[in-house]
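Inspection log for the structure reproduced underneath, given as structure tokens.
What follows is calculated from the coordinates using simple rules that are stated; it is not laboratory data. The structure presented is a predicted model; accordingly, all values stated were derived computationally and were not measured. All Cβ positions, even for glycine, are placed from backbone atoms using ideal geometry, and neighbour counts span all protein chains on display.
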Amino acid sequence: MALSLVIPEHKLILFTIIKPKFCDKARLLMKNCTFETWSSLKQHLLDGYTYRGTQGQWQLELNPCKPNLNEDVTSFSNRVGNCYLKLSSTLDNYIEPAKCVIYTKISQNQALNVFLMELSRDLAIIVKARNPDPLEDTIRMALNEDQESKSRLEISKYQNVGNSPNK
């Protein structure tokens with residue numbers, strides 16, 4: 001595989017060069033997604049381009065979607081986003097445009113509810129308070145808030161190093 005020829009320090013650079021080159025459906029599949037590894041990108045694209053199940057099958061996959069043990073917000077949001085893309089891709093091109101818009105909105109609301117219900121309590125409260133509408137905005141806000149929370153926690157660790165009460 002060509003990736004094995006790339007120096008590990010340059011893999012991230014290669015990843016950032018390749019990502020904007022995607023177009024059309026692949027670009028839509030990549031929208032608001034963050035990938036830690038090449039295998040996660042590959043799996044995401046394979047999920048988007050492979051077997052097309054029925055709308056009911058994808059709803060059954062989306063509804064019980066919960067974060068796995070120690071799963072971060074990024075990978076959970078990618079899974080929910082994947083389920084939503086699969087669900088919305090089942091909408092037939094022969095459906096009237098008005099019905100297609102309604103079905104898309106229903107699917108998006110379903111994915112949004114699943115995502116918000118399974119976030120950590122503190123993160124869900126913050127994201128819900130901002131009242132985001134589209135799923136993409138909600139995911140972006142949750143990722144930003146999660147990153148800020150981790151940053152605050154990291155900063156507080158270093159600020160309290162010399163202030164222990166046992167001295």
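List of remarks:
- Ile95 vs. criteria of a type in the set (Val, Ile, Thr), in a helix (DSSP H, G or I) and surrounded by 12 or more Cβ atoms within 10 Å (Cβ to Cβ): no
- Residues in the range 34-76 that are surrounded by 14 or more Cβ atoms within 10 Å (Cβ to Cβ) and among the aromatic types (Phe, Trp, Tyr): Phe35, Trp38, Trp58, Phe76.
- Long-range neighbours under 6 Å by Cβ, at least six apart or interchain, first residue within 18 Å of Lys86 (Cα to Cα) within the range 22-37, second aromatic (Phe, Trp, Tyr): Met30/Phe22
- Within the range 6-41, the set of residues being under 13 Å from Asn78 (Cβ atoms) and of a type outside the set (A, V, I, L, M, F, W, C) comprises Lys31, Asn32, Thr34, Glu36, Thr37, Ser39, Ser40.
- Some residue of the range 80-88 being hydroxyl-bearing (Ser, Thr, Tyr) and within 24 Å of Leu14 (Cα to Cα): no
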